[in-house]
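Heads up: the structure comes next, in structure tokens.
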Amino acid sequence: MLFWMPSVSHPAVVHTPQHCTRLIREATGLSYQQFLTNIRIHHSEHLLKSTSLTIAQIAEDTGYQNPETFIRAFHRAKGCPPGAYRKTLTLSP
């Protein structure tokens, strides 16, 4: 799920981090960290489905410095670790 924030002004306009956080909260109802995690998990789902990258490579590509942190975040969001998630994709007809 990607998020569109129509209330945000032109991207060339510079905002403070606090202002951006408030805009994200108003547009999505999520904190900045929740918003970022949702984007990362969505992108990692795509990579798990469409590539043969390792879990560590996907963790790095989605902004996690530590694969274990990525695995925990993915498991919390999807109810299973990324390796198990990928296996369910290969078992599906």
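Data table
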| quantity | calculated |
| --- | --- |
| Yes/no for T21 being within 27 Å of R72 (Cβ to Cβ), open to solvent by 50 Å² or more (accessible area, probe 1.4 Å) and either hydroxyl-bearing (S, T, Y) or at pLDDT below 95 (or both) | yes |
| When residues of segment 53-93 are limited to those that are of a type in the set (S, T, Y) and in a helix (DSSP H, G or I), the one nearest to Q34 (Cα to Cα) | T69 |
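The values are calculated or read from the model by the stated rules, or taken from the named source; none is laboratory data. Computed from a prediction, not measured in an experiment: that's the story for all the values here. Note that each Cβ is placed from the backbone with ideal geometry, even for glycine, and that neighbours are counted across all protein chains shown. All accessible areas refer to the heavy atoms of the entire protein, side chains included, with ligands and DNA or RNA removed. Shrake-Rupley method; radii C 1.70, N 1.55, O 1.52, S 1.80 Å.
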